[in-house]
């Protein structure tokens, strides 16, 4: 009974669900998990384009050049994020995922989305809309 208890307490590594294993000097990333994460990022990017597209239609109808300029900036940042996402997807297709390259792509995506969100916040303030949760 004592032997069974000690075995039950030991963590069991599962290769298919492990995102990353660290071997001295080497980082090994599970391709399956990396591909799933890349797919989620892609889904988020697709969803993130819908609101600015709606805003663009509204601004074009009102001929609001300042809003259109802000939306152009948002669109450029979303395009940069999508370009880095494409690179991330190509990194994740290999059996040996290059962890450094994948992280660089993720950082570029994060930076581009941060700029897009900041521009969107500025635009919404200019248009007179409060941020969600703001009083």
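The values are calculated or read from the model by the stated rules, or taken from the named source; none is laboratory data. Since the structure is predicted, the reported quantities are computational estimates derived from the model, not experimental observations. All Cβ positions, glycine included, derive from the backbone under ideal geometry; neighbour counts span all protein chains shown.
Yes/no per residue for (1) assigned to a helix (DSSP H, G or I); (2) out of contact with any helix residue (DSSP H, G or I) (no Cβ under 9 Å at 6 or more places or on another chain); (3) modelled with pLDDT of 95 or more:
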residue	(1), (2), (3)
51	yes, no, no
57	yes, yes, yes
61	yes, yes, yes
68	yes, no, yes
78	yes, no, yes
81	yes, no, yes
91	yes, no, no
95	no, no, no
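For the criterion of being in a helix (DSSP H, G or I) and within 29 Å of residue 28 (Cα to Cα), residue 72 fails. Restricting attention to the stretch 76-87, the residues that are closer than 13 Å to residue 115 by Cβ and surrounded by fewer than 17 Cβ atoms within 10 Å (Cβ to Cβ) add up to 2. Within the stretch 58-69, is there a residue that is within 16 Å of the chain's Cα centre (by Cα) and without any contact (Cβ under 8 Å) to a residue 12 or more places away in the chain? Among the residues of the stretch 58-69, not one is within 16 Å of the chain's Cα centre (by Cα) and without any contact (Cβ under 8 Å) to a residue 12 or more places away in the chain, which makes the answer no. Considering the stretch 25-49, and only residues there that are surrounded by fewer than 11 Cβ atoms within 10 Å (Cβ to Cβ) and farther than 20 Å from residue 108 by Cα, the residue that is modelled with the lowest pLDDT turns out to be 25.
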